[in-house]
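Notes to accompany the following structure.
The values are calculated or read from the model by the stated rules, or taken from the named source; none is laboratory data. These numbers were taken from a predicted model, which means no experiment stands behind them. FYI the Cβ positions are ideal-geometry reconstructions off the backbone, even for glycines, and counts take in every protein chain you see. These area figures cover heavy atoms from the full protein model, side chains too; ligands, DNA and RNA do not enter into them. Shrake-Rupley method; radii C 1.70, N 1.55, O 1.52, S 1.80 Å.
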Amino acid sequence: AQTVTQSQPEMSVQEAETVTLSCTYDTSENNYYLFWYKQPPSRQMILVIRQEAYKQQNATENRFSVNFQKAAKSFSLKISDSQLGDTAMYFCASETLSGNLIFGKGTKLSVKP
Amino acid sequence: EAGVAQSPRYKIIEKRQSVAFWCNPISGHATLYWYQQILGQGPKLLIQFQNNGVVDDSQLPKDRFSAERLKGVDSTLKIQPAKLEDSAVYLCASSLVGRAQYFGPGTRLLVL
């Protein structure tokens, strides 16, 4: 069975600083997708970034980038120039063959002024 | 473009009562998902539809949960009878085939 592990239940960062959230996963698939979703207190799950496993280049979306290490099955999220609006739960997820998502337990990120 | 719509946003019921949630996916999205998110955990898939057919319902507690997607658009998730452990947020998501999922605001259910 696929699993996703987020080992940091909570993290904090000062505004304008950089923070990295960790994620490891386990899958038997050769080609798959990995995701980071953000869930603010309003609870709406928002897609942050998506990585295709067959692409060696790390995905980047404005201030958000990933460090994808396929052999190590590691998929970390880096947030640069952190903003107060980045405060949220962050979930790492891997996609199954049928297209649904397996989520980790999440990391609660607090951005402090 | 309108996002995924869900209603109601909040529901409080007593155990053994029934409850139904509604989801309207993004227009044109063939795939629809229902997830259950218990407090402090990541979402867990309950059921996945492709158009009006079920792709995966392996984690749906079929003795009390049911879901349908008539006409391949809107979907309804029902719980009957509800248990205390069903208290959770129920998230609906939709996607084009093979593309990223987009989530609705969720329905928060409290079973007393």
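Select from segment B:3-19 the residues that are assigned to a loop (DSSP other than H, G, I, E, B) and within 11 Å of another protein chain (Cβ to nearest Cβ) and write down the one among them that is surrounded by the fewest Cβ atoms within 10 Å (Cβ to Cβ). Break it down into steps so the answer makes sense when it comes.
Keep residues of segment B:3-19 that are assigned to a loop (DSSP other than H, G, I, E, B), which gives B:3-4, B:8-9, B:14-18.
Filter again for within 11 Å of another protein chain (Cβ to nearest Cβ), leaving B:3-4, B:9.
On the way: B:Gly3: 14, B:Val4: 24, B:Arg9: 11.
So, considering only residues that are assigned to a loop (DSSP other than H, G, I, E, B) and within 11 Å of another protein chain (Cβ to nearest Cβ), the one surrounded by the fewest Cβ atoms within 10 Å (Cβ to Cβ) is B:Arg9.
What number of residues in segment B:20-31 are within 11 Å of chain A (Cβ to nearest Cβ) and either among the charged types (D, E, K, R) or outside any strand (DSSP E or B) (or both)?
In the first step, residues of segment B:20-31 are kept if they are within 11 Å of chain A (Cβ to nearest Cβ); the result is B:30-31.
Those still in the list that are either among the charged types (D, E, K, R) or outside any strand (DSSP E or B) (or both) too: B:30.
Of the residues in that region, 1 qualify.
Within segment A:92-99, is there a residue that is touching a residue at least 40 places away in the same chain (Cβ under 8 Å), within 10 Å of another protein chain (Cβ to nearest Cβ) and small (Gly, Ala, Ser)?
yes
Residue check: is A:Val13 of a type in the set (Val, Ile, Thr) and more than 28 Å from B:Asp56 (Cβ to Cβ)? Show your work before the answer.
Details: of a type in the set (Val, Ile, Thr): yes; more than 28 Å from B:Asp56 (Cβ to Cβ): yes.
In short, yes.
Restricting attention to segment B:9-51, which residues are charged (D, E, K, R) and in contact (Cβ under 8 Å) with a residue 40 or more places away in the chain? First the steps, then the outcome.
Taking segment B:9-51 as the starting set, the residues that turn out to be charged (D, E, K, R) are B:9, B:11, B:14-16, B:44.
Passing the criteria: B:Arg9, B:Lys11, B:Glu14, B:Lys15, B:Arg16.
Being modelled with pLDDT under 95 and of a type in the set (A, V, I, L, M, F, W, C) is the requirement here; does B:Leu112 meet it?
On the way: modelled with pLDDT under 95: no; of a type in the set (A, V, I, L, M, F, W, C): yes.
Here the answer is no, as B:Leu112 does not meet what is asked.
Kindly list the number of the only condition in (1) assigned to a strand (DSSP E or B); (2) more than 22 Å from B:Ser95 (Cα to Cα) that fails for A:Arg50.
The single condition A:Arg50 does not satisfy is (2).
For segment A:1-42, name all the residues that are at the interface with chain B (Cβ under 10 Å from one of its Cβ atoms) and over 23 Å from A:Gly85 (Cβ atoms).
Looking only at segment A:1-42, we keep the residues that are at the interface with chain B (Cβ under 10 Å from one of its Cβ atoms), and these are A:4, A:6, A:9, A:33, A:35, A:37, A:39, A:42.
Across segment A:1-42, the qualifying residues are A:Val4, A:Tyr33.
Give the residue that is most open to solvent (accessible area, probe 1.4 Å), with candidates limited to residues of segment B:63-112 that are of a type in the set (Val, Ile, Thr) and at the interface with another protein chain (Cβ under 9 Å from one of its Cβ atoms). Walk me through it before giving the result.
Applying the first criterion (of a type in the set (Val, Ile, Thr)) to segment B:63-112 yields B:73, B:76, B:79, B:89, B:97, B:107, B:111.
Of the ones still in play, those that are also at the interface with another protein chain (Cβ under 9 Å from one of its Cβ atoms) are B:89, B:97.
Values: B:Val89: 10, B:Val97: 98 Å².
Looking at residues that are of a type in the set (Val, Ile, Thr) and at the interface with another protein chain (Cβ under 9 Å from one of its Cβ atoms), I get B:Val97.
Among residues belonging to segment A:67-91 that are loosely packed, with under 14 Cβ neighbours inside 10 Å and within 16 Å of A:Ser42 (Cβ to Cβ), point out the one that is farthest from the other protein chains (Cβ to nearest Cβ).
Out of the qualifying residues, it is A:Leu84.
With respect to A:Met45, is the statement that it is more than 14 Å from every other protein chain (Cβ to nearest Cβ) and surrounded by 12 or more Cβ atoms within 10 Å (Cβ to Cβ) true?
Details: more than 14 Å from every other protein chain (Cβ to nearest Cβ): no; surrounded by 12 or more Cβ atoms within 10 Å (Cβ to Cβ): yes.
Here the answer is no, as A:Met45 does not meet what is asked.
Considering only residues that are facing chain B (nearest Cβ under 8 Å) and open to solvent by less than 10 Å² (accessible area, probe 1.4 Å), look in segment A:100-112 and name the one that is nearest to A:Gln8 (Cα to Cα).
Within segment A:100-112, the match that is nearest to A:Gln8 (Cα to Cα) is A:Gly106.
Filter segment B:32-58 for residues that are outside any strand (DSSP E or B) and surrounded by 14 or more Cβ atoms within 10 Å (Cβ to Cβ); which is farthest from the other protein chains (Cβ to nearest Cβ)? Break it down into steps so the answer makes sense when it comes.
We begin by selecting, within segment B:32-58, every residue outside any strand (DSSP E or B); these are B:38-43, B:51-52, B:57-58.
Then drop every residue that is not surrounded by 14 or more Cβ atoms within 10 Å (Cβ to Cβ), which leaves B:41-43, B:52, B:57.
Numbers: B:Gln41: 6, B:Gly42: 3, B:Pro43: 5, B:Asn52: 16, B:Asp57: 11 Å.
For segment B:32-58, the residue satisfying everything is B:Asn52.
Has segment A:68-83 got any residue that is over 21 Å from B:Arg99 (Cβ atoms), in contact with a helix residue (DSSP H, G or I) (Cβ under 9 Å, 6 or more places away or on another chain) and in a strand (DSSP E or B)? Quick ask: steps written out before the conclusion?
As a first pass, look at segment A:68-83 and keep what is over 21 Å from B:Arg99 (Cβ atoms): A:69-74, A:76, A:78-83.
When the remaining residues are screened for being in contact with a helix residue (DSSP H, G or I) (Cβ under 9 Å, 6 or more places away or on another chain), the result is A:79.
Those still in the list that are in a strand (DSSP E or B) too: A:79.
Looking through segment A:68-83, at least one residue is over 21 Å from B:Arg99 (Cβ atoms), in contact with a helix residue (DSSP H, G or I) (Cβ under 9 Å, 6 or more places away or on another chain) and in a strand (DSSP E or B).
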